[in-house]
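Working notes, structure below.
Any read-out appearing in this document is the output of simple, stated calculations on the displayed coordinates, not a laboratory observation. Treat the numbers as computed from the prediction; the structure is a model and nothing was measured. Methodologically, a virtual Cβ is constructed for each residue, glycine included, from the backbone with ideal geometry; neighbour enumeration extends over all protein chains shown.
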Amino acid sequence: MSIGLIGRKVGMTQVFEKDGTMVAVSVLEVAPNTVTRLRTPDRDGYTAVQLGTDEKAKLSKPRAGQLGDLPSLGTLREFRVDDASGYEVGQTLAVNDVFAEGDLVDVSGVSKGKGFAGHVKRHHFGRGPTTHGSDHHREPGSIGPGTTPGRVYKGVRMAGHMGDEQVTTKKVRVVRADAERNLLMVKGSLPGARGSLILVRKA
């Protein structure tokens, strides 16, 4: 378990490697994160570093009391670590402090919500016949046995809400780490819409 950073998804673009290869990258804006709290086994039962970002003009009284003399940070997230002795409250972590070009990272975010979706779109079911009098073009077909057990098993794939869930893309490569503009460019696509919250940690 290692430290990560909180960022936001900007969008996608393409960059060129030194050998001329074009690479599609997702661009993440990772502003400097502030260490807001250290979790210790003696007090909390586990070891973690809490980071904060997105400074706001006004916070709720509980959040302001929790942060104390620290900046008014609107977004807080914890990262489990093996050892938190190298961090202290108030410390600032920038992109180049944690990541470098060529690192493999795990990126977590909330996927785009797609509303209510049917079997074909949500679970990639095959279509039914479209000719010979069939009217079961996009229907699911049988959902279980009959008299025994006389019910539908839990977990049967059906139509329902699609997207808007936590997704982690693992072991993607950092193509650029721009400390001046607080940008991190990661190869390939990542979960989430533009502007959504993203957590990046070393793989």
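Taken together, the criteria place residue 105 among residues that are surrounded by 15 or more Cβ atoms within 10 Å (Cβ to Cβ), β-branched (Val, Ile, Thr) and over 27 Å from residue 66 (Cβ atoms).
The listed residues are 108, 85, and the only one of them that is part of a loop (DSSP other than H, G, I, E, B) and either among the β-branched types (Val, Ile, Thr) or closer than 30 Å to residue 28 by Cβ (or both) turns out to be 85.
Checking the conditions here, which among 128, 155, 163 is exposed (fewer than 14 other Cβ atoms within 10 Å of the Cβ) and outside any strand (DSSP E or B)? Among 128, 155, 163, only 155 is exposed (fewer than 14 other Cβ atoms within 10 Å of the Cβ) and outside any strand (DSSP E or B). Pairing each residue of region 78-101 that is of a type in the set (Ser, Thr, Tyr) with any residue that is part of a loop (DSSP other than H, G, I, E, B), provided the two are 6+ apart or on different chains, yields C-beta distances under 7 Å for 92/32.
The residues of region 7-52 that are in contact with a Lys or Arg (Cβ under 8 Å, 6 or more places away or on another chain) and more than 26 Å from residue 73 (Cα to Cα), listed by number, are 15, 23, 24, 25. Of all the criteria given as (1) surrounded by fewer than 16 Cβ atoms within 10 Å (Cβ to Cβ); (2) assigned to a helix (DSSP H, G or I), the one not satisfied by residue 139 is (2).
Among all residues of region 188-198, there is none that is more than 12 Å from the chain's Cα centre (by Cα) and part of a strand (DSSP E or B).
Here is the figure for region 70-82: residues that are acidic (Asp, Glu) and either part of a strand (DSSP E or B) or surrounded by 15 or more Cβ atoms within 10 Å (Cβ to Cβ) (or both) total 1.
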